[in-house]
Amino acid sequence: MGIQTGRRVGVAFVGMGGAVATTAIAGIETIKSGSNRLDGLPLANVSVAGLADYKDLVFGGWDLNGDDLASAATEHGVLSREDIENGAQALKGITPWPAVGSAKFCKNIDGANRIVAKDHRETVSVIASDLNRFRKESNLDEVVVVNLASTERWPDLSAPVLNSVEAFEKGLDASDESISPAMLYAYAAIKSGVPYANFTPSVAADVPALLELAREMNVPVAGKDGKTGQTMMKTVLAPALKARSLHVDGWFSTNILGNRDGLALNDPNSLQSKLNTKGTVLDSILGYPVEDHLVHIHYYRPRGDDKEAWDNIDVTGFMGQRMQIKVNFLCKDSILAAPLVIEIARVLDLAKSRGDGGVQEQLSTFFKAPMVKNGRGPEHDFGKQQRMLFDWLGAQH
């Protein structure tokens, strides 16, 4: 599990009561209680000086649903009752802090556990106070914020308020409607010197104003949109097809899922944000546009967290012969996502301890739309992304 550091690292989740956060917390609590099952944790078998141990992670966070995490986890249905009763009893004693909500940015998700504030500036102050209290009460050496909230609609990126720190801060005072809840959390974290990761497709720390602030304050930031299932398979398969000179004529992708993420994506505006992060991967890897690259996401309540991702790939090979590849990934969405969230938090904490601020490009392997430095295009090839991460870690594995 890495070289023991003894450093207590707090992970503050935005969307703490969601399926991914409750699964991540339950998994770490199970490890703390003596489990040796580290399946799915990509960095479990690497040795890196300064990388926090899983047992030294402490959790807190915000959610619009104020129920304790055991009740939330039971509702999500990812964990069995036995999981909650035995390995993850700590969930029963954890309740989320009041959260920021906005029907303008996320139509289908709401709740009563809201931050009460008169404007954006006061909201940011409450979030920063939550982080400071979390650090003190839990005796933490560092805190990391990870956004797991429901997908927001795409904002107007040309809005002046999003394009400089000065304009953004004036926008906070004016409660500018271009500033989303995700951006408020990102600003509060960065301004507090706390590393921030965006595991959602929402626009947050990747707006120019917050990128500038992260650079100025030398705070690590990463994102966005966790790469767990279908897109991960694309970033594995597409480089192989390219290497064998098999031309991709079309790639049809469809997903069905019935969890809270799926419900949020049932709103067309939130759905478009998701499609924006999923759509550019193939062209970047293959080096040519796949004209018939279609992606469909459907909310189908009976499936819950058991997502099905189905792909049909049409390729042309030697002598113009047409062929097809079929991929059907029946997965548990949160079981794939939770370990990645944990590793992202550990790497961001390590970056902070190394004094490495700004965009953490080495975390690209975990995201569909990786944030990058210097305005260049992101690397999507899974193998190359893995090398970037392990080179940065200096890991033995």
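How many angstrom lie between the C-alpha centres of region 1-75 and region 114-166?
21 Å
Would you kindly state how much longer the chain becomes between Arg37 and Val236 on full extension, computed as 0.36 nm times their sequence separation minus their alpha carbon distance, in nm to one decimal?
69.1 nm
With springs connecting C-alpha atoms under 10 Å apart, model the chain as a Gaussian network and identify which of Ala182, Ala309, Ala117 has the largest mean-square fluctuation.
In this elastic network of the chain, the residue with the biggest mean-square fluctuation among Ala182, Ala309, Ala117 is Ala117.
Any idea what log10 I(q)/I(0) is at q = 0.26 Å⁻¹ for region 139-217, Debye with uniform C-alpha scatterers and no solvent?
-1.33
Rg and Dmax in Å for region 345-397, alpha carbons only: what are they?
Values for region 345-397 (Cα only, Rg and Dmax): 10.9, 31 Å.
Work out which trypsin sites (Lys or Arg not before Pro) in the chain are exposed loop sites (DSSP not H, G, I, E or B, at most 13 other Cβ within 10 Å) and give the longest gap free of them.
Here the longest segment lacking exposed loop sites spans 245-372.
Within region 34-190, how many lysine pairs that are 8 or more places apart, or on different chains, have C-alpha atoms less than 25 Å apart?
Eligible lysine pairs with Cα atoms under 25 Å apart amount to 7.
Leaving out ligands, DNA and RNA, and with a 1.4 Å probe, what % of the accessible surface on the chain is carbon or sulfur? Working shown, then result.
On the way: 8190 of 16540 Å².
On the chain, the fraction of accessible area on carbon and sulfur atoms equals 50 percent.
Label-point separation (nm) for Arg376 and Asp356, each offset 7 Å from Cα along Cα-to-Cβ?
1.6 nm
Rounded to the nearest 0.05, what FRET efficiency do Leu157 and Arg121 give with R0 = 22 Å and r taken as the Cβ-Cβ distance? Could you check?
0.50
If you take the charge dipole of region 12-139 about its Cα centre, with +1 on Lys and Arg Cβ and -1 on Asp and Glu Cβ, which of Gly27, Val58, Phe134 is farthest toward its positive end?
Phe134
Using unit Cβ charges (K, R positive; D, E negative) and no other charged atoms, how large, in debye to the nearest 20, is the dipole of the chain about its Cα centre?
In total the dipole reaches around 520 debye.
Evaluate E = 1/(1 + (r/R0)^6) for Ala167 and Lys384, where r is the Cβ-Cβ distance and R0 equals 56 Å; express this FRET efficiency to the nearest 0.05.
Plugging the Cβ-Cβ distance into 1/(1 + (r/R0)^6) gives 0.95.
Taking amide hydrogens as modeled 1.01 Å from N in the peptide plane, which residues meet the under 5 Å criterion relative to Val78, leaving out close sequence neighbours?
Distant-sequence amide H within range of Val78: zero hits.
Return the Rg/Rh value of region 285-397, two decimal places, where both radii are evaluated on C-alpha atoms and Rh is the Kirkwood radius.
Rounded to two decimals, Rg over Rh is 1.04.
What is the Cα radius of gyration of the chain over 2.2 N^0.38 Å, N being its residue count? Present the calculation step by step, with values, prior to reporting the outcome.
Numbers: Rg = 20.4 Å, N = 397, 2.2 N^0.38 = 21.4 Å.
Ratio of Rg to 2.2 N^0.38 Å for the chain: 0.95.
The values are calculated or read from the model by the stated rules, or taken from the named source; none is laboratory data. Small disclaimer: the values here were computed from a predicted structure and weren't measured. Here Cβ is always computed from backbone atoms with ideal geometry, including for glycine, and neighbour counts include all displayed protein chains. Side chains are part of the model used for accessible areas, which takes the heavy atoms of the whole protein and leaves out ligands, DNA and RNA. Shrake-Rupley method; radii C 1.70, N 1.55, O 1.52, S 1.80 Å.
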